[in-house]
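This report refers to the structure that appears directly beneath it.
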Amino acid sequence: MKKRGLSLTSLLLAGMLTLTACSGNGESVTEKMGEDNSGGSQIGAANVPEGMVDTSQFQKEGPYIIGFSNISVVNTWRMQMVRELETAAQEKGVTLYVTDAGNDTSKQVSDIQDLMARGIDALLVAPGSTTVTNAVTKKALSQNIPVIVFNSEVEDESAFTSYVGTDAVEFGYTIGKWLVNELDGKGNIIVLDGTAGSGVNEMREDGLHKALKELPDGGENINILATYYADWAYDKGKQSAEQALAAYPDIDGVWSQGGAMTQGALEAFQAAGRPLVPMTGEDGNGFLKAWKAAQPDGFKAVAASDPCWMGAVALDTALSALNGEPVEKYNYIPVPTITDADIDQYVRPEYSDSYWCNTKMDKAVADQYYLE
């Protein structure tokens, strides 16, 4: 996994993957061209810009078959992400095989093996673990199948060709910085986390603690009353907030890394008749609608976005690799944010709560799935 500095725009230069093969005279390729640990060939690497990966070894003619190993469709974000990826594949004439591991990392490994057995040309992976899929994706690379990881990072840079997605640490930092500023650096907060053990969950929370450490007192006057794992889900977010409200008479803020969880928390505060406090979340339409409705009561919030269209960007990256074009080792999408000042640009009152507002989905497709 990338080692991060403190800059909001920090990027990691390409890692290295050792690929050893035998040439016709028994001489190893690495002996002829030097070691390469970047998830791509070193051939022609002299012409590849820094931070990019040479993909000439993957170049082949289309049409292409691309496999997508998804850890789960446990929430509405993941459902919309898959829809946007499928739409992009159809538009580009790509055959897309999609698997769903049901949040089981062992099954995700077998899913990837199955996709490889089906003769895929490239592999997209939204991993459920920072480590579990690394061995099987290395095997894919050894078979000249480019591996594009997106949505959640993995620790071993030699296990993938390119990563696409927001920087999860910066995501947590961005909303954490907003919350501590709203609280003037002091107060009692609760934390609503996603799924325990998930890499993106842990990195987002790292971002919160980064924001706390930057306070003049190192965050000593921000008291985290409790942390709840709510799986980025509305019902679990609401239940967690209800537990917190019953246990703690003074809650000054809610740091939540998921929109549906925040929607549930907001409704829990309203049902309990407790004063509304600043909350963080994501760009789920359900949260944005509840936020907009609560603005007259003085409710303040911020929403970061993990764009649902990142799967389509991962697809484009895979196609670039199959064309032999250099790709970024880390393609970080800047973390978009929604504030009280611009919520009207994103909230969609005519759509269901399960719609995610930072989208590139065609309106006709969105109407088909989300109009109420």
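Checking the structure you have, find out if any residue of region 337-351 is out of contact with any helix residue (DSSP H, G or I) (no Cβ under 6 Å at 6 or more places or on another chain), open to solvent by less than 10 Å² (accessible area, probe 1.4 Å), closer than 29 Å to Ile145 by Cα and not aromatic (Phe, Trp, Tyr).
no
Please verify whether Ala318 is among the aliphatic types (A, V, I, L, M), open to solvent by less than 30 Å² (accessible area, probe 1.4 Å), under 16 Å from the mean Cα position of the chain (by Cα) and under 24 Å from Met203 (Cβ atoms), treating the condition exactly as stated.
In short, no.
When you scan region 267-275, do you find a residue that is free of Cβ contacts under 8 Å to residues at least 40 places away in the same chain, in contact with an Asp or Glu (Cβ under 6 Å, 6 or more places away or on another chain) and either among the aliphatic types (A, V, I, L, M) or open to solvent by less than 50 Å² (accessible area, probe 1.4 Å) (or both), even just one?
The answer is yes, given that some residue of region 267-275 is free of Cβ contacts under 8 Å to residues at least 40 places away in the same chain, in contact with an Asp or Glu (Cβ under 6 Å, 6 or more places away or on another chain) and either among the aliphatic types (A, V, I, L, M) or open to solvent by less than 50 Å² (accessible area, probe 1.4 Å) (or both).
Could you list, in sequence order, all residues of region 133-168 that are at pLDDT 95 or above and under 16 Å from Ser198 (Cα atoms)?
Thr133, Asn134, Val149, Phe150, Asp156
Can you list the strands (runs of 3 or more DSSP E) lying wholly within region 277-368 that have 2 or more residues being within 30 Å of Gln57 (Cβ to Cβ) and modelled with pLDDT of 95 or more?
Passing ranges, in order: 330-332.
Go over the candidates Leu245, Leu225, Leu215 one by one and state the one that is surrounded by fewer than 23 Cβ atoms within 10 Å (Cβ to Cβ), of a type in the set (A, V, I, L, M) and within 8 Å of Ile190 (Cβ to Cβ).
Leu225
Quick check on my filter: what residues within region 43-61 are open to solvent by 20 Å² or more (accessible area, probe 1.4 Å) and modelled with pLDDT of 95 or more?
Of everything in region 43-61, those that are open to solvent by 20 Å² or more (accessible area, probe 1.4 Å) and modelled with pLDDT of 95 or more turn out to be Met52, Ser56, Gln57, Gln59, Lys60, Glu61.
For the structure I just gave you, tell me whether Asp206 is buried (at least 21 other Cβ atoms within 10 Å of the Cβ) and in contact (Cβ under 8 Å) with a residue 12 or more places away in the chain.
No.
The values are calculated or read from the model by the stated rules, or taken from the named source; none is laboratory data. These numbers were taken from a predicted model, which means no experiment stands behind them. In this analysis, Cβ positions are derived from the backbone assuming ideal geometry, glycine residues included, and neighbour counts consider all displayed protein chains. Ligands, DNA and RNA are excluded from the accessible area calculation, which covers all protein heavy atoms including side chains. Shrake-Rupley method; radii C 1.70, N 1.55, O 1.52, S 1.80 Å.
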